[in-house]
Amino acid sequence: MAEAESKKVIKLVPEYLLKKRKTYQAIKATQAKLALLEKRKVSRGKPLKFKRLEDFLKDSHKRHRDDSRIRRAEHRPPAPLPPAKNRLAFAIRIREIKGASPKVMKVVQMLRLRKIFSGAFVKVNKTSAAMMKILEPYVAWGFPNLKSVRELILKRGQTRIGRRRVPLTDNTFIEQHMGKQGIICLEDLIHEIYSVGKGFRASNNFLLPFKLSVARHAARDKAGLLKDLGNPGFRGTDINSIIRQLN
């Protein structure tokens, strides 16, 4: 009996059949993986965002407060313009604008201050002074000196080419894009911005809004950070200390 079992011959499977089986198993494994990914995608869906009633009330009060403040400001005589020597201002957004009035949001977009702790240069005139009045609870602004303008452009100056943010480190690149305005290097760009020359608008549009940085410990302690930055609104030459702090 033992001899009969030992003489059993194991049937060999042809090689082509083994290859075919292996290929079929690989296809089934791929299909199962794709089905699992599709199932996860469908089950996950778009996460639901719950908003408490208190948030709606808070946004509504904030919007009403902005509208009332702007309406009252329209009936007041406009504030006198600063001396002619102060023709350049720098605005930094230091407060959240969530739930703000549509008029506030529109001015924020015009000044390109969409993100908190972003800054931009502004030419001082009657229109810009009125815009700053609208953004008074959210923006700190004042008159930067030459040192602040130079440090901002040298350290954080960027422009947009297509969808890429390009740092301003090459004078050839600047000449290529701003040569028509008579600007061929970084120093020319700094001079044009600080002196508010004829090419100020083109130069300011060439620069992207400045993304100012906040230390990690300061970002966690928001109350302490805002206390260090001070109140929003007109800050005069004190804006230079805020620029040093955030640059």
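The values are calculated or read from the model by the stated rules, or taken from the named source; none is laboratory data. Predicted model, so just to flag it, every value in this text is computed and none were measured. Please note: Cβ atoms are built from the backbone with ideal geometry, for glycine as well, and neighbour counts cover all protein chains shown. Only protein heavy atoms, including side chains, enter the accessible area calculation; ligands, DNA and RNA are left aside. Shrake-Rupley method; radii C 1.70, N 1.55, O 1.52, S 1.80 Å.
If amide hydrogens are placed 1.01 Å from N in the peptide plane, which non-local residues have theirs closer than 5 Å to the one on Gly142?
For Gly142, the qualifying residues are Phe90, Arg235.
Please work out the average accessible area per residue across the stretch 117-247, using the 1.4 Å probe convention, and give it in Å².
Spelled out: the 1.4 Å probe surface of the stretch 117-247, per residue, equals 55 Å².
Pairs to check: Lys106/Lys211; Lys58/Lys123; Lys133/Lys198; Lys19/Lys41; Lys85/Lys211; Lys62/Lys155. Give those whose C-alpha atoms are more than 29 Å from each other in this structure. Write down the numbers at each step before the final one.
Numbers: Lys106/Lys211 20 Å; Lys58/Lys123 34 Å; Lys133/Lys198 26 Å; Lys19/Lys41 33 Å; Lys85/Lys211 27 Å; Lys62/Lys155 36 Å.
Too far apart for the 29 Å limit: Lys58/Lys123; Lys19/Lys41; Lys62/Lys155.
Students often check this: by mean Cβ neighbours within 10 Å, which of 79-90, 194-205 ranks highest, and how do the rest follow? Mind showing how you got there, number by number?
Working: 79-90: 14.0, 194-205: 15.9.
Highest to lowest by the protection proxy: 194-205, 79-90.
Which percent, to the nearest 5, of DSSP beta bridges fully inside the chain are antiparallel? Please report the intermediate quantities before stating the final value.
Working: 15 of 18 bridges.
The antiparallel proportion sits near 85 percent.
Considering only protein heavy atoms and a 1.4 Å probe, what is the carbon-and-sulfur percentage of the accessible area of the chain?
56
On each of the three principal axes of the Cα atoms of the stretch 52-198, give max minus min coordinate, whole Å, ordered largest first.
If we take the Cα atoms of the stretch 52-198, the spans are 54, 39, 25 Å.
Could you work out the helix-only [θ] at 222 nm for the chain, with each DSSP H run of four or more residues adding -39,500 (n - 2.57) and the total divided by the number of residues, to the nearest 500 deg cm²/dmol? List each step's numbers first, then the result.
Details: 12 runs with 133 residues, N = 247.
Roughly -16500 deg cm²/dmol at 222 nm, from the helical runs in the chain.
Quick one: 3J(HN,Hα) in Hz for the stretch 150-163, Karplus 6.51/-1.76/1.60 with θ = phi - 60°, rounded, Gly and Pro as x.
5, 5, 5, 6, 5, 8, 10, x, 9, 9, 10, 10, x, 10
To the nearest 10 degrees, how steeply does helix 186-195 sit against the main Cα axis of the chain, on a 0 to 90 scale?
The angle comes out at about 40 degrees.
In whole Hz, with x marking every Gly and Pro, tabulate ³J(HN,Hα) for the stretch 67-74 from phi via Karplus 6.51 cos²θ - 1.76 cosθ + 1.60, θ = phi - 60°.
Running phi through 6.51 cos²θ - 1.76 cosθ + 1.60 with θ = phi - 60° gives 4, 5, 5, 5, 5, 5, 5, 5 Hz.
So what is Rg over Rh here for the chain, counting just Cα atoms and using Kirkwood for Rh? Each step should come with its number before you reach the end.
Values: Rg = 31.0 Å, Rh = 22.9 Å.
Rg/Rh for the chain comes to 1.35.
Please work out whether the stretch 148-194 counts as rounded, prolate or oblate from its C-alpha gyration tensor, where a ≥ b ≥ c are the square roots of the eigenvalues and a/c under 1.5 means rounded, while otherwise a/b larger than b/c means prolate and anything else oblate? Kindly include the intermediate steps, with their values, before the conclusion.
Working: a/c = 1.98, a/b = 1.09, b/c = 1.81.
Because a/c hits 1.5 or more and a/b fails to exceed b/c, the stretch 148-194 counts as oblate.
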